[in-house]
Amino acid sequence: MQILLPVLIIGGLGLIFGFGLAYASKKFEVKVDERVSQVREVLPGANCAACGQTGCDAFAEAVVAGEAEVNGCPVGGAEVSEKIGKILGKSAKNFEVRVARVMCGGSSSNCRSKYSYSGIEDCTAAAALFGGPSSCTYGCVGMGNCVRACPFGAIVIEDGLAKVIATKCTGCTKCVAACPKKIIDMVPISSEYTVRCSSFDSGKIVRQNCEVGCIGCGRCAKVCPHNAIKIENMLAKIDPALCQNCGECAKVCPTKAIELFLCGVLERENAAV
Amino acid sequence: MRELLSLMLGAILVENFVLAKFLGICPFLGVSKKLDTALGMSGAVVFVMTVASAFTWVVNKFVLVRYELEYLQTIAFILVIAALVQFIETVLKKLAPSLYKSLGIYLPLITTNCAVLGVALLNVQREYNFGEAILYSFGAGLGFTLALVLFAGVRERIENCDIPESLKGMPITLIAASLVSLAFFGFQGLFQ
């Protein structure tokens, strides 16, 4: 009896809990739409949250529920949106590939340095010290926060300046969030001309600091036949939606701050290779 | 009333489960890297600790004590806690999906957390009545929260420090944990 009773009681407790759980799982069953798991399977699974959802699982649910667009996954691109469209019986709309672009041309050779930095290799830490070691407080710090944030190895630091390798960029926007200076923008890959500067300083200060900064002179805005360029806070900005890639602006820019990108790659460097 | 309050505050500060009793060290080191995950885990722990101690108290009083099987407390409590957490998970999934999502993976994780089992066993050892047991467990959960949140803050600071190569990662975390624990030692003897 001394042995049997504990066995019976613990066994009985286990049995009661077992049946209770079995009953509960039937009673409280949550039906999962099988399309959700199908959609989840075709997604890249990087959980990068570029779609605006918390991850691939959440995106799959949102797409099936109709809360997110079929082409909402920027990493998967056209291929994935087509597959999702097939599962849901919807047609994917035109998908425009967006890539990250560093809005700064201030490499070590172009931009003067303010002091020599020997702290930890981190853009945020360096930027906290008088706005970073480069004399321009708006420009790239070059300590590679974006490089470390990029899950796809698409960013390299060259001559103290971050550079996006457009062929590897999937448009996940992780680098945009990682950059303490907020100088990485998402642009359509078809957009060819870009002002590679983020400085709101006046022209005189920009001239002192950097060889290739935008001085806000406005010549590009005047010459643009499509009114795609606006000067705001001493900085020219090209609207990719209006720009027809005619290249007039790059011709007149006195500091050569407007550069030509073909397929997301800086044409000047492409030609040199 | 005064006694109950000192019981709860004692569970939070003097007998802090993580920093004074060294229970639940695994989640303390595991999920304290970021403040929001630490908060998620803590919420789940407070919830499970309170509910589990209520159930284990009942099981102990009306099953184990009655048949003189107190020596089976450990195994019986593990069984009760595991089943309970499973049950809560299925029910939450159906009835409160938003709460289920915010507790997320932390809920099944603490099924096997020794702090939860520890509070259930302590309740019995100290012969608390039902109300005291619930209050003590709730306090213990809050203490766990306090430890985790404080330590998450410490770790976020460590991230930005220049640490000697050989101490990077877990070693410096353990050193920091011992310092935080020493600080909590100062609460010893606050309530008598």
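Taken over region A:132-148, the residue count meeting the criterion of being farther than 15 Å from A:GLY213 by Cβ and surrounded by fewer than 22 Cβ atoms within 10 Å (Cβ to Cβ) is 4. Based on this model, can you work out whether A:ALA50 counts as surrounded by 14 or more Cβ atoms within 10 Å (Cβ to Cβ), within 10 Å of another protein chain (Cβ to nearest Cβ) and more than 16 Å from B:LEU84 (Cα to Cα)? It is false that A:ALA50 is surrounded by 14 or more Cβ atoms within 10 Å (Cβ to Cβ), within 10 Å of another protein chain (Cβ to nearest Cβ) and more than 16 Å from B:LEU84 (Cα to Cα). Quick one: would you say B:SER42 is polar (S, T, N, Q), more than 18 Å from A:ILE16 (Cα to Cα), assigned to a loop (DSSP other than H, G, I, E, B) and touching a residue at least 12 places away in the same chain (Cβ under 8 Å)? So B:SER42 fails the test. If we keep just the residues of region A:122-142 that are free of Cβ contacts under 8 Å to residues at least 40 places away in the same chain and within 13 Å of chain B (Cβ to nearest Cβ), which is farthest from the chain's Cα centre (by Cα)? Among residues in region A:122-142 that are free of Cβ contacts under 8 Å to residues at least 40 places away in the same chain and within 13 Å of chain B (Cβ to nearest Cβ), the one farthest from the chain's Cα centre (by Cα) is A:LEU129. State whether one or more residues within region A:84-105 are away from every other protein chain (no Cβ under 13 Å), free of Cβ contacts under 8 Å to residues at least 40 places away in the same chain and either of a type in the set (A, V, I, L, M, F, W, C) or crowded, with 19+ Cβ neighbours inside 10 Å (or both). Checked against the condition, which is being away from every other protein chain (no Cβ under 13 Å), free of Cβ contacts under 8 Å to residues at least 40 places away in the same chain and either of a type in the set (A, V, I, L, M, F, W, C) or crowded, with 19+ Cβ neighbours inside 10 Å (or both), region A:84-105 yields at least one hit. Residues that are aliphatic (A, V, I, L, M) and at the interface with chain B (Cβ under 7 Å from one of its Cβ atoms) within region A:23-42 comprise A:ALA24, A:VAL30, listed in sequence order.
One residue stands out in region B:17-51 among those that are of a type in the set (Gly, Ala, Ser) and more than 13 Å from every other protein chain (Cβ to nearest Cβ): the one that is nearest to B:VAL119 (Cα to Cα), namely B:GLY24.
A quick yes/no check of all residues on (1) modelled with pLDDT of 85 or more; (2) outside any helix (DSSP H, G or I):
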{"residue": "A:GLY171", "(1), (2)": "no, yes"}
{"residue": "A:LYS204", "(1), (2)": "yes, no"}
{"residue": "A:ARG207", "(1), (2)": "yes, no"}
{"residue": "A:ALA221", "(1), (2)": "yes, no"}
{"residue": "A:HIS226", "(1), (2)": "yes, yes"}
{"residue": "A:LYS230", "(1), (2)": "yes, yes"}
{"residue": "A:ASN245", "(1), (2)": "yes, yes"}
{"residue": "A:ALA250", "(1), (2)": "yes, no"}
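The residue pairs whose first member lies in region B:1-15 and is closer than 14 Å to B:GLY131 by Cβ, whose second member is exposed (fewer than 13 other Cβ atoms within 10 Å of the Cβ), and whose beta carbons are closer than 8 Å, counting only pairs six or more residues apart or on different chains, are B:LEU4/B:GLY131. Out of B:PHE55, B:PHE47, one residue alone is free of Cβ contacts under 8 Å to residues at least 40 places away in the same chain and aromatic (Phe, Trp, Tyr). It is B:PHE55. Residues that are among the small types (Gly, Ala, Ser) and over 18 Å from B:MET170 (Cα atoms) were ranked within region B:1-39; the one that is nearest to the chain's Cα centre (by Cα) is B:ALA11. Restricting attention to region B:154-189 and to residues that are among the small types (Gly, Ala, Ser) and assigned to a helix (DSSP H, G or I), the residue that is surrounded by the fewest Cβ atoms within 10 Å (Cβ to Cβ) turns out to be B:SER166.
Restricting region B:59-96 to residues that are hydrophobic (A, V, I, L, M, F, W, C) and more than 10 Å from every other protein chain (Cβ to nearest Cβ), which is surrounded by the fewest Cβ atoms within 10 Å (Cβ to Cβ)? That would be B:PHE62. Please find, within region B:102-135, the residue that is nearest to the chain's Cα centre (by Cα) out of those that are in a helix (DSSP H, G or I) and within 14 Å of chain A (Cβ to nearest Cβ). Across region B:102-135, the extreme among qualifying residues is B:THR111. Taken residue by residue, region A:68-75 has at least one member that is under 28 Å from B:GLU89 (Cβ atoms) and more than 14 Å from chain B (Cβ to nearest Cβ).
Yes/no per residue for (1) part of a helix (DSSP H, G or I); (2) modelled with pLDDT of 80 or more; (3) among the acidic types (Asp, Glu); (4) more than 24 Å from A:LYS237 (Cα to Cα):
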| position | (1), (2), (3), (4) |
| --- | --- |
| A:GLU67 | no, no, yes, yes |
| A:CYS73 | no, yes, no, yes |
| A:ALA78 | yes, no, no, yes |
| A:SER91 | no, no, no, yes |
| A:ALA100 | no, yes, no, no |
| A:GLY105 | no, yes, no, no |
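Determine if region A:223-246 includes at least one residue that is in contact (Cβ under 8 Å) with a residue 60 or more places away in the chain, within 30 Å of A:PHE59 (Cβ to Cβ) and touching a strand residue (DSSP E or B) at 6+ places or on another chain (Cβ under 8 Å). For region A:223-246, residues in contact (Cβ under 8 Å) with a residue 60 or more places away in the chain, within 30 Å of A:PHE59 (Cβ to Cβ) and touching a strand residue (DSSP E or B) at 6+ places or on another chain (Cβ under 8 Å): absent. Considering A:GLY20, A:GLY55, A:GLY45, A:GLY12, the condition of being of a type outside the set (A, V, I, L, M, F, W, C) and away from chain B (no Cβ under 14 Å) is satisfied by A:GLY45 alone. Among the residues of region A:1-43, those that are in a loop (DSSP other than H, G, I, E, B) and surrounded by fewer than 16 Cβ atoms within 10 Å (Cβ to Cβ) comprise A:MET1, A:GLN2, A:ILE3, A:PHE28, A:GLU29, A:VAL30, A:LYS31, A:VAL32, A:ASP33.
Applying the criterion of being hydroxyl-bearing (Ser, Thr, Tyr) and outside any strand (DSSP E or B) to the residues of region A:189-202, the residue that is surrounded by the fewest Cβ atoms within 10 Å (Cβ to Cβ) is A:SER202. The numbered conditions (1) more than 10 Å from chain A (Cβ to nearest Cβ); (2) crowded, with 21+ Cβ neighbours inside 10 Å are all true for B:LEU99 except (2). Here B:GLY141 passes the criteria (1) away from chain A (no Cβ under 14 Å); (2) of a type outside the set (Ser, Thr, Tyr); (3) out of contact with any helix residue (DSSP H, G or I) (no Cβ under 8 Å at 6 or more places or on another chain) except the one numbered (3).
The values are calculated or read from the model by the stated rules, or taken from the named source; none is laboratory data. Everything numeric here is computed off the predicted structure, so don't read it as measured data. Backbone-built Cβ (ideal geometry, glycine too); neighbour counts: all protein chains shown.
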